[in-house]
Amino acid sequence: MRLSEAGELGLLAELERRGLARGIEHDAAELEGGLVVTQDALVEDVHFRLAWTTYRELGYKSAAVNLSDLAASGAEALALLVTLGAPGETELDDVLELYAGLNEPGVPVVGGDTTRADRLYLSVTALGRSSRVPGRDGARPGDLLVVTGPLGAAGAAFRDQRHARPPLRLEEGRRLAAVAHALTDISDGLAADAGRLSERSGCRITIELEQVPLAQGATFDDLGFGEDYELLASTPDPLGFTVIGRCEEGEGVEIRRNGEPVDLAGWEHFRGGESDLR
């Protein structure tokens, strides 16, 4: 079976089944002493195009997508480790701008690696500390489903051939982690990430699409693109965040608009999704 047939979730399931990886069901790895670690990579012409962004914005995004996983773990961010691969003809000033963007969220870059590569890529490891990591497996019937902000910005930006600037939700993540039964970020699309909460928690999730806040210029079709990096929580207390659905007995995810079921696409690594550029 090829990766394009198994998909990301199929690969992760097989790694777990064979005992080749463990504890990979959540947004980040939780280690002893409350240490939380996560890692994401961005590859040129897969996750970004330089024609659509600046080096500084690319650096910021590389930091932000990792900090989003820390936010989903209720963590305080401590440091970033950055591995940079780049062609030798890359301008030094461009690389310096990229690192300025990496530093923009205010979390220090404390190490990493550099190497020559055929195309630009960044692999960032973010370290944080959390007193409570809800994870994806604690959602319970009766919980409310909330989001921390508007969705669809990345999909709307893609139509205009540009990249959206991810939000930073670290403070919101710490607030939600204190009460939420399950918490994740929305990186692969609302339906896909809600589906992971549902599967891991063993409950049914119902989403009312008309209650979902949309970013400026976005449509409901953009919700399947992913890369919104808002937080999605299953919680008994919404804490003032927007309620978009609920958890019930059963399994799976039902998304409704004006009472009628609708389908939303989502991103699936190795299989592709809304776009080939991810």
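The values are calculated or read from the model by the stated rules, or taken from the named source; none is laboratory data. Not measured: the values here are computed from a predicted model. Cβ coordinates were reconstructed from backbone atoms using ideal geometry, including for glycine residues, and neighbour counts include every protein chain displayed.
The rows are residues; the columns are (1) outside any strand (DSSP E or B); (2) modelled with pLDDT under 95; (3) farther than 17 Å from Pro166 by Cβ.
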site: Ser68; (1), (2), (3): yes, no, no
site: Val82; (1), (2), (3): no, no, no
site: Glu89; (1), (2), (3): yes, no, yes
site: Gly106; (1), (2), (3): yes, no, no
site: Arg119; (1), (2), (3): yes, no, yes
- Does the range 219-255 hold any residues that are among the hydrophobic types (A, V, I, L, M, F, W, C) and in contact with a Phe, Trp or Tyr (Cβ under 9 Å, 6 or more places away or on another chain), and which are they? Phe225, Leu231, Ala233
- Task: Using the structure shown, decide if Ala86 is farther than 20 Å from Asp193 by Cβ and not charged (D, E, K, R).
- Result: yes
- Note on the structure: Of the residues in the range 146-160, those that are out of contact with any Lys or Arg (no Cβ under 6 Å at 6 or more places or on another chain), at pLDDT 95 or above and outside any helix (DSSP H, G or I) come to Val146, Val147, Gly149, Pro150, Leu151, Gly152
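Considering each of Ala86, Ala6, Ala77, Ala29 in turn, give the residue that is among the hydrophobic types (A, V, I, L, M, F, W, C) and closer than 23 Å to Phe225 by Cβ. Break it down into steps so the answer makes sense when it comes.
Numbers: Ala86 fails: closer than 23 Å to Phe225 by Cβ; Ala77 fails: closer than 23 Å to Phe225 by Cβ; Ala29 fails: closer than 23 Å to Phe225 by Cβ.
Result: Ala6 is the single residue among Ala86, Ala6, Ala77, Ala29 that is among the hydrophobic types (A, V, I, L, M, F, W, C) and closer than 23 Å to Phe225 by Cβ.
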- Please enumerate the residues belonging to the range 104-142 that are free of Cβ contacts under 8 Å to residues at least 60 places away in the same chain and of a type in the set (A, V, I, L, M, F, W, C). Val107, Val109, Val110, Ala117
- Identify, please: which residue in the range 182-201 is in contact (Cβ under 8 Å) with a residue 60 or more places away in the chain and in a loop (DSSP other than H, G, I, E, B) and is, among those, surrounded by the fewest Cβ atoms within 10 Å (Cβ to Cβ)? Ser187
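Rundown of residues vs (1) more than 21 Å from Arg140 (Cα to Cα); (2) modelled with pLDDT under 95; (3) assigned to a strand (DSSP E or B), yes/no style:
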{"residue": "Leu223", "(1), (2), (3)": "yes, yes, no"}
{"residue": "Gly226", "(1), (2), (3)": "yes, yes, no"}
{"residue": "Tyr229", "(1), (2), (3)": "yes, no, no"}
{"residue": "Leu232", "(1), (2), (3)": "no, no, yes"}
{"residue": "Asp237", "(1), (2), (3)": "no, no, no"}
{"residue": "Gly240", "(1), (2), (3)": "no, no, no"}
{"residue": "Val243", "(1), (2), (3)": "no, no, yes"}
{"residue": "Arg246", "(1), (2), (3)": "no, no, yes"}
{"residue": "Gly250", "(1), (2), (3)": "no, no, no"}
